[in-house]
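The next block holds one structure in the form of structure tokens; read it before the comments.
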Amino acid sequence: MTPQRLAKYVASMHGDHIRRTIGVVMELSQSNVVAYLLGRREISSERVLIQVLADGVSSVVIKVLDADGGEPVGTDMRTPGQLKRGVPDTRMRAGRCLVLKQPREFLTVGTRWRVDTDRIWLERDALMALAPLMPANTLPQVMWEDRENRILAISPAPAEYKNLQTLLLAGKTLRWPVTAAARWLAHMHRTTARTATPATFAECRLFRQQRITPYLQYPQTAHPSVARHLEALGNFLLSDPVCLIHGGYSPENILIAADAVDDRGIFIVDFEVVFRGQPLFDIVTLISHLLLNGFYFAPQWRPFMLLADEAWHAYQQAASPPLLATNQAWGGTLLGGLLLARVDGQSPMGFLTDETKQQAVRQCALELLQSGGSLDDAMDTVGERLGA
Ligand SMILES: Nc1ncnc2c1ncn2[C@@H]1O[C@H](COP(=O)(O)OP(=O)(O)OP(=O)(O)O)[C@@H](O)[C@H]1O
Ligand SMILES: [Mg+2]
């Protein structure tokens, strides 16, 4: 039996004792999650609804609603297809809802990209460290963990929350969630800059595996002309443990309340790249994603540039001066590096498949890497290139 078939067989058995004997981690999936939770006595019956939120690019993320759990939650379990077809929302008004996350060792992108699966414990530790520092309902709570199978159970976002990237791709350029997300980011940076955090957050192994190598080292082969800039950028990002950074602060990891109009109504997920490092990384990540949406929607790019501008202003107003100190020297290079990463790195942007658009991002990114300067100058350059 091949190791894969053996793992499948073991997963189908759901027997803890069998897994322990031969040391195989059960791969969580839609088909075994109910038996898994029943086996752990985390649900009381098979009367549960399952929704797969992420299907294993880097993790498997599954939302489970236990209708007999007794707590009032109410969560919309319709699939995107059902939503499209206008299937009515028949959500149960009572039940217990949880989200299970299990990391994959090999990320299913075009190239071979391996990341240690103990990043799930980094995510757990980050959620626990940030819980007392962030307002209630802006982060998932840790519910329980299965060490052996590297599964983390966390609380779900409130029922009606929507993914910000999904809204952006639908052309909804909403100002408030973007500025609110920028302000919460500044809050997280400010509070952790003056708080001692566990030493694990300063270890660079997982940040290197998830960001430095795939984003900044991988593109060097194709672009030797900017290799030394990318190398220097990597050294800068590892140079100073200023505060806790999220590491993946993109609209995909920000959920928003559909009807909110102020800073409440933001829910931030996916803390597996948390690192004590350079705060500029997070705000430039957010801005780079807004601009990538602009490249995608070009020639209708202006609303996205406006959003990027608003995010940057909101962050600057809410951040303390030391958090902004590196902008003049690194803002432009960092924006260039992050844009290049999403076309020629190991994790290209899923929605940016059009080669002409990719080439526009690439050219702009290379120019920013060459010219350096502040983030403000770099955003001006992006606007000029998009408008040309
Ligand atoms: N606690 C939660 N409540 C509601 N939705 C969630 C929660 N956690 C994650 N999600 C949704 O699932 C998606 C994937 O989760 P997450 O970002 O944590 O995994 P990932 O590592 O990015 O997975 P992949 O790279 O495979 O997409 C998120 O973009 C978000 O829409
Ligand atoms: Mg994510």
* Structure fact -> For LYS172, the lysines lying under 29 Å Cα to Cα, once residues fewer than eight places off in the same chain are dropped, come out as LYS63, LYS84, LYS101, LYS162, LYS357
* Asked: Is the shape of region 226-315 best called rounded, prolate or oblate, per the rule: a/c under 1.5 gives rounded, else a/b larger than b/c gives prolate, else oblate, with a ≥ b ≥ c the square roots of the Cα gyration tensor eigenvalues?
  -> oblate
* Structure fact -> In a Gaussian network model of the chain with springs linking alpha carbons closer than 10 Å, the residue among LEU38, LEU352, LEU244 that fluctuates most is LEU38
* Using the Cα centre as the reference, give the magnitude of the dipole from point charges on the C-beta atoms of region 161-387 (Lys, Arg: +1; Asp, Glu: -1; all else neutral), rounded to the nearest 20 debye. => 280 debye
* Report the label-to-label distance for ARG78 and VAL109 in nanometres (one decimal), using points 7 Å from each Cα along the Cα→Cβ vector. => 3.4 nm
* Have a look at PHE275, TRP312, GLY332 and report the one farthest towards the positive end of the charge dipole of region 161-387, computed about the Cα centre with Cβ charges (Lys/Arg +1, Asp/Glu -1). => PHE275
* Which is farthest toward the positive dipole end of the chain among PRO241, TYR296, ILE151, measuring Cα position about the Cα centre, with Cβ charges +1 (Lys, Arg) and -1 (Asp, Glu)? -> ILE151
* Gyration tensor verdict on the chain (Cα atoms; rounded if a/c is under 1.5, prolate if a/b is larger than b/c, oblate otherwise) -> prolate
* Only residues of region 273-299 count here: report those whose backbone N is under 13 Å from the spot 7 Å along Cα→Cβ of ALA222, or say none. => none
* How much net charge surrounds TRP184 when only the other residues with a Cβ under 13 Å from the Cβ of TRP184 are counted, with Lys and Arg +1 and Asp and Glu -1? -> 0
* Under a plain spin-label model, where a point goes 7 Å from the Cα along Cα-to-Cβ, how far apart in nm are LEU38 and GLN328? -> 6.5 nm
* Estimated inter-spin distance, ARG194 and SER371, nm [label 7 Å along Cα→Cβ] -> 3.7 nm
* Structure fact -> With a Förster distance of 41 angstrom and the Cβ-Cβ distance between HIS313 and VAL87, calculated FRET efficiency to the nearest 0.05 equals 0.50
* For the chain, with +1 on Lys and Arg beta carbons and -1 on Asp and Glu, the positive-most of LEU98, THR285, LEU255 along the dipole -> LEU98
* Compute the length gained on full extension between TRP144 and ALA260: take 0.36 nm times their separation in residues and subtract their Cα-Cα distance, giving the result in nm to one decimal. => 38.8 nm
* Taking 0.36 nm per intervening residue step and subtracting the Cα-Cα distance, what contour gain separates ASP55 from ALA131 on full extension? -> 24.7 nm
* To do: In debye, nearest 20, what is the charge dipole magnitude of the chain about its Cα centre with +1 on Lys and Arg Cβ and -1 on Asp and Glu Cβ, if you could check?
  => 720 debye
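Just so you know, all these numbers are worked out from the coordinates, no wet-lab data involved. Note that this is a predicted model, so its numbers are computed, not measured. Note that we place each Cβ from the backbone using ideal geometry, even for glycine, and neighbour counts take in every protein chain shown.
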